[in-house]
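The values are calculated or read from the model by the stated rules, or taken from the named source; none is laboratory data. None of these values were measured; they are calculated from a predicted model. Here Cβ is always computed from backbone atoms with ideal geometry, including for glycine, and neighbour counts include all displayed protein chains. The accessibility values were calculated without ligands, DNA or RNA, using every heavy atom of the protein model including side chains. Shrake-Rupley method; radii C 1.70, N 1.55, O 1.52, S 1.80 Å.
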Amino acid sequence: MTHPDEPTGTGADEREPVHVGAHSGRTPDKAAAIEAQTGRVRTYAELEDRSARLAHVLASAGIAEGGRVAVLLGNQLEYFDVAWATQRSGLYLTPVNWHLTANEAGYIIGDCEAQALITSPSLSELAGPGLSQLRQPALHLVTGDTHAAPAGFEGLEAKLAGSSPAPLRPEMEGSLMFYSSGTTGRPKGIRRPWRPVPYGTAGAIEQLMSIGYGFDADTVYLCPAPLYHAAPIGWSMGTQRLGGTVVVMERFDPLETLRLIEHYRVTHMQMVPTMFVRLLKLDAEERTRCDLSSLRCVIHAAAPCPVEVKAQMLDWWGPIIYEYYSSSEGAGFTAIGPDEWRQKPGSVGRAVLGVPHIVGEDGRELPTGDVGTIYFEGTAPFEYHHDPVKTAEAFNAQGWTTVGDLGWLDPDGYLYLSDRRTNLILSGGVNIYPQEIENELVLHAAVADVAVIGVPDPEMGQQVKAVVQLVDPTAAGPELEKELLDFCQQRLAHFKCPRSVDFVDDIPRLPTGKLAKRLLIERYAGGG
């Protein structure tokens, strides 16, 4: 893979505008997005018209540049209408996770200072507490049948029909304002400074996608993850900036994923390691049922991938699997191609954006090979909305940035992840990294998913516990627990091995693939 030279959007004013309007003129009937679950299609002409009309609605309501809009929708075509309307209006768009409770969703809607909320009838009840949190002019819009709009909402379709696609002000690039996952407490908004950049001149992500991963107008990009997360919406919009087609799934399913690759001749897709694990659990007949020959590039990120899992995927799909490491904060970016990874198994690659540093608890940079906190130098500024303390904690005295991940660098500058500092288990004064144990246990044929945590221990401070979701829940019992413990003993140092295994119906995991370990830690806070 060829990496771009630190794409920053410099020189973008000299290039042709990069946005959906540029393609609606050339290929008006081409699909910009397809709903996999229904087959509904949004053409470029439709996306251009609807997003322009919604931008007019927002501007006529008095939402000025730099204003905030919240979107609470499932993976549906209207998500792109909203995303492009705010993108061309110079607004911040905050995607709200529909897996949250009503109070949690309401907190985000209020905290981001949204002036408009766009949701669907099925999620309108979840959005209810957020209505009172909206700032003026407080638009409440709902998708679907205009006549079935819940109390307190106006129908989006009626508003679009009564609006004009003509802009009320010069079109400027907007920005996505994501909220952290909240796995360790209240989620925080990640806000970058708003800059008055003409619409169509922002170019960092699509430059990376084009130069680094071969995205172009012929791309068919399959999105199996929720659009309320950074990578799914960012890479989907990047695909549309380049004139490709996005096929968006309602939710990930391994067999359906393979079917969609064949049906739509998917060329690119982005996944997380848990999706790989579920694909590898398919039997031989299921794996070979569909034609996957159209795939040119599969990108994965969001969580560390077990070495053996990735090796098996490369053996199955061939040298088309690429990996990157980054964050919603934009604190650095590393990347690695399939051939590189075979030479550096387990690495997340070398830096493409920013300069990585590994820092110890005393604030000093650590030697090559030592595990410490990962910082990046030279990345774009950001802040945690309404949290100056957390913002300050993300930067050190040199101005380097961290999101709290632990890792190490090899002599060639390749980065390896260990875990998050908040997940670290301290047992008898020894640091134990749960990710390493999880990577081994998930390879056992009986294990569908696993989380490893530290639980209180009167002698050691903490002991290691494995919480396991089984492929066959009826197999749970003392015999399988012993088998899993023995499995670990054969593959890990004794001090790293779990002392006990609990079997659960479901592991609390975010749709991005990240474990919501806070929930498990709270459950076991009283002891083993």
Quiz prompt | Computed over segment 443-504, the ratio Rg/Rh where both radii use C-alpha atoms and Rh is Kirkwood | solution = 0.97
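Report, please, the projected area of segment 381-445 averaged over directions, based on the convex hull of its C-alpha atoms, in nm².
7.8
With +1 on the Cβ of every Lys and Arg and -1 on the Cβ of every Asp and Glu, and nothing else charged, how large is the dipole of segment 335-412 about its Cα centre, in debye rounded to the nearest 20?
Charge dipole, segment 335-412, about its Cα centre: 160 debye, nearest 20.
At 1.4 Å probe radius, can you tell me the per residue accessible area of segment 392-528 in Å²?
I get 47 Å² per residue for segment 392-528.
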Self-check item: DSSP-assigned coil residues among trypsin sites (Lys or Arg not before Pro) in segment 306-415, each with at most 14 further Cβ atoms within 10 Å
Solution: ARG364
Quiz item: Using the alpha-carbon atoms, what tilt in degrees (0 to 90, nearest 10) does helix 102-111 show relative to the longest principal axis of the chain?
Solution: 60
Quiz item: Can you give the Rg to Rh ratio of segment 43-111, both from alpha-carbon atoms, with Rh computed by the Kirkwood formula?
Solution: 1.00
Practice problem: Might you tell me the accessible area per residue for segment 222-273, computed with a 1.4 Å probe and given in Å²? | Solution: 23
Exercise. Taking the Cβ of TRP341 as the centre, find all other residues whose Cβ is under 15 Å away and add up their charges (Lys, Arg: +1; Asp, Glu: -1).
Key: -3
Quiz prompt | C-alpha center-to-center spacing [segment 209-235, segment 474-528] in angstrom | solution = 33
Self-check item: Cα-based Lys proximity count in the chain, under 26 Å, for pairs eight or more positions apart or on separate chains
Solution: 28
Quiz prompt | Calculated on alpha-carbon atoms, Rg and Dmax of segment 223-294 in Å | solution = 12.6, 38
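For THR219, THR379, THR368, give the ranking by accessible area with the largest first, probe 1.4 Å.
THR368, THR379, THR219
Net charge near PRO226, counting Lys/Arg +1 and Asp/Glu -1 over other residues with Cβ under 13 Å of its Cβ?
Net charge around PRO226: +2.
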Exercise. Please grab the % of Cα pairs in segment 95-148 that end up more than 18 Å from each other.
Key: 23
Quiz item: Kirkwood Rh, Cα Rg: Rg to Rh for segment 274-334?
Solution: 1.02
Quiz item: Given a cut-off of 14 Å, what percent of all Cα-Cα pairs of segment 339-384 lie beyond it?
Solution: 61
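Where Lys and Arg each count +1 and Asp and Glu each count -1, what net charge lies around MET177 among other residues with Cβ under 9 Å from its Cβ?
So the surrounding residues net to +3.
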Quiz item: What part of the accessible area of segment 378-528, given as a whole %, is carbon or sulfur when the probe is 1.4 angstrom?
Solution: 53
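For segment 87-182, what class follows from the C-alpha gyration tensor (a ≥ b ≥ c being the square roots of its eigenvalues): rounded when a/c is under 1.5, otherwise prolate if a/b is larger than b/c, else oblate?
oblate
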Quiz prompt | Farthest positive-ward along the chain dipole, Cα basis, beta-carbon charges - from LEU126, PHE333, LEU91 | solution = LEU91
Practice problem: Mind computing the radius of gyration and Dmax over the alpha-carbon atoms of segment 413-528? Å is fine for both. | Solution: 13.7, 46
Quiz item: Over all distinct alpha-carbon pairs, what is the Kirkwood Rh of segment 179-279 in angstrom?
Solution: 15.2
Self-check item: Cysteines not pairable in the chain (beta carbon separation under 4.7 Å absent)
Solution: CYS112, CYS223, CYS290, CYS297, CYS305
Quiz item: DSSP loop GluC sites (Glu not before Pro) in segment 19-128 with at most 11 other Cβ atoms within 10 Å of their Cβ, which ones?
Solution: none
Quiz prompt | Built amide H within the under 5 Å cut-off of SER175, gap 5+ | solution = LEU91, TYR92, LEU93
Quiz item: segment 93-244: percent of C-alpha pairs farther apart than 24 Å?
Solution: 45
Exercise. Give, rounded to the nearest 20 debye, the magnitude of the charge dipole that the chain has about its Cα centre when Lys and Arg contribute +1 at Cβ and Asp and Glu contribute -1 at Cβ.
Key: 780
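Based on the alpha-carbon set only, what is the convex hull volume of segment 307-356 divided per residue, in Å³?
On the way: hull volume 3.9 nm³, N = 50.
Cα-based convex hull of segment 307-356, divided per residue, equals 78 Å³.
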Exercise. Using a 1.4 Å probe over the heavy atoms of the protein chains, calculate the carbon and sulfur portion of the accessible area of segment 44-201 as a whole percent.
Key: 51
Quiz item: How far, in degrees from 0 to 90, does helix 254-264 lean away from the longest principal axis of the Cα atoms of the chain, to the nearest 10?
Solution: 40
Quiz item: In whole Å, what is the distance between the alpha-carbon centres of segment 343-364 and segment 439-467?
Solution: 26
Quiz prompt | Length-normalised contact order of the chain in % [C-alpha pairs under 8 Å, at least 6 apart] | solution = 11
Exercise. Based solely on C-alpha atoms, express the radius of gyration and the Dmax of segment 265-416 in angstrom.
Key: 17.7, 56
Quiz item: So for the chain, Kirkwood radius off the Cα pairs, Stokes-Einstein at 4 °C and 1.567 mPa s: how many µm² s⁻¹?
Solution: 54
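Quick one: plug the Kirkwood hydrodynamic radius of segment 429-474 (C-alpha pairs) into Stokes-Einstein at 10 °C, 1.306 mPa s, and report D in µm²/s. Working shown, then result.
Numbers: Rh = 11.5 Å.
After rounding, the answer is 138 µm²/s.
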Self-check item: Ratio of the Cα radius of gyration of segment 132-171 to 2.2 N^0.38 Å, where N counts its residues
Solution: 1.37
